[in-house]
Amino acid sequence: MAKLAMTGPEASDPEPPDPAAAAPGSPVADWEPTRALWLRWLRGGLLGPVVMVLAGTCLLAWLLTSAFHDPRPRGLAIATTAADGSSPAVAAAGLQRRLDGLVPGGFRVLGYGSASAAQEALFERSVVGAYLPERDSIQVLVVGAAGPATSEAVASNLSALARVAGRSVAVTDVVPAPAGDRTGAVAFLMVSVAALGGILLQVLGYAGAPSMPGPLRALAAGSSCLVTGLALAEVTRAVTGVPGGDRRFAVGLSLAAAAFTCALLTWALQRLIGSAGGGYASAAGFGLLGLLANGGPLGPDFVPGWLSSIGTPAPVGAALRLTSDALYFPSAPLGVPLAALLIWSAGATVILIAADLFNLRPLSLARDR
């Protein structure tokens, strides 16, 4: 039977396959899937996290080295009185000039009318040291509970001024640190654990029960943070003897406030940028950066001013001040750190209410829709 001749595209023979491309193990066959896979990974979100981690690592290294490579006192408040009949303001100005010549910008001198008033300022934590001229000597008062770095900076520099003036000097610690907190790090360590615990509590709770109603979630978080704060105070007391029996409840409440504030802020961030993103951002910003910006165990008076201005009003900074005051300074006013924590909590609450009212979805979910 005769075969019919065919014309057109169907009649053309297919192109012979490229032997190099078809052969398994050839360079072309191995490279093409690998390149496509890398391009798909980069387009699918690998490049963004890599750049963010690199930028965050460099930023953290810069913050750490700039803040802690050479810690120096910055604006430590010092009380003084006048012993020659001059006014407290004149005595403070004279001492300020002498201290600026010794440690520029390291101290801030405040004048008081009497030694008792200056000592009361120490108990209220308005100042961290006192330079009290007497007839033949200088009385230097320090606060050991403010931390060894602070008390050593005050004692050494004020004693040096007295010796330059040819006066004998006596150093007295009016609020000494207890034996269980010689390094002055107990408050910092407790607040670090409380803040990170509040963040972790919210991250795990949000992942385990994402559909829990808001009021019930807030009640559960508040109860958990209260138990966590009180338990943390008891555990620390069992290990170090700090806080004392009459202060542990106040310290536990301050730690609970720190944990709950960080949990609320983490929840608000999760509603804005997603569960994972909110948890990471809260741990890095309110946790790690907040602790570093407050100088770690050294305190905010030993980090650069621009970094301290970030850390002091932050939730962790307010919690550090509140907890250390509850530990060692019962006369100190608690209004400022409490107000700071309340403001942060109120801001997080407003974000959460607005997200429910306007049915806002996290950015990650909105992008997937």
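Here are some notes:
- Complete set of residues in region 265-306 that are more than 28 Å from residue 359 (Cα to Cα) and part of a loop (DSSP other than H, G, I, E, B): 294, 295, 299, 303, 304
- Residues that are charged (D, E, K, R) and part of a helix (DSSP H, G or I) were ranked within region 156-191; the one that is surrounded by the most Cβ atoms within 10 Å (Cβ to Cβ) is 181.
- Matching residues, region 308-335, being touching a residue at least 40 places away in the same chain (Cβ under 8 Å), in contact with a Pro (Cβ under 8 Å, 6 or more places away or on another chain) and either over 20 Å from residue 196 (Cβ atoms) or not in a helix (DSSP H, G or I) (or both): 308, 325
- When residue 249 is tested against (1) surrounded by fewer than 16 Cβ atoms within 10 Å (Cβ to Cβ); (2) at pLDDT below 90; (3) within 21 Å of residue 337 (Cα to Cα), only condition (2) is not met.
- Pairs where the first residue, in region 115-128, is touching a residue at least 24 places away in the same chain (Cβ under 8 Å) and the second is in a helix (DSSP H, G or I) and among the hydroxyl-bearing types (Ser, Thr, Tyr), C-beta under 9 Å, 6+ apart: 125/324; 125/328; 128/150; 128/151
- Listed by first and then second residue, the pairs with beta-carbon distance under 9 Å, at least 6 apart or on different chains, first residue in region 182-206 and within 17 Å of residue 237 (Cβ to Cβ) and in the same structural domain as residue 328 (by TED's automatic domain parsing), second part of a helix (DSSP H, G or I) and of a type in the set (Phe, Trp, Tyr), are 187/328.
- Among the residues listed as 111, 101, 85, 106, the single one being closer than 25 Å to residue 329 by Cβ and free of Cβ contacts under 8 Å to residues at least 40 places away in the same chain: 111
- Selected residue (only one of 164, 174, 140 is of a type in the set (Val, Ile, Thr), in contact with a strand residue (DSSP E or B) (Cβ under 6 Å, 6 or more places away or on another chain) and under 19 Å from residue 83 (Cα atoms)): 140
- Single residue of 360, 338 found to be surrounded by fewer than 18 Cβ atoms within 10 Å (Cβ to Cβ) and either part of a loop (DSSP other than H, G, I, E, B) or hydroxyl-bearing (Ser, Thr, Tyr) (or both): 360
- Inspection of region 123-139 identifies no residue that is in a helix (DSSP H, G or I) and among the polar types (S, T, N, Q).
- Residue 257 vs. criteria assigned by TED's automatic domain parsing to the domain that holds residue 318, buried (at least 16 other Cβ atoms within 10 Å of the Cβ) and within 18 Å of the chain's Cα centre (by Cα): yes
- Of the residues making up region 96-110, just one is closer than 11 Å to residue 80 by Cα and buried (at least 21 other Cβ atoms within 10 Å of the Cβ), namely 109.
- Of residues in region 213-240 being surrounded by 14 or more Cβ atoms within 10 Å (Cβ to Cβ) and more than 17 Å from residue 250 (Cβ to Cβ), the one modelled with the lowest pLDDT: 214
- Positions within region 127-145 being hydroxyl-bearing (Ser, Thr, Tyr), within 35 Å of the chain's Cα centre (by Cα) and modelled with pLDDT under 95, in sequence order: none
The values are calculated or read from the model by the stated rules, or taken from the named source; none is laboratory data. The shown structure was predicted, so the numbers you read here are calculated from the model rather than taken from an experiment. Counting neighbours? That spans all protein chains shown, and the Cβs are built from the backbone with ideal geometry, glycine included.
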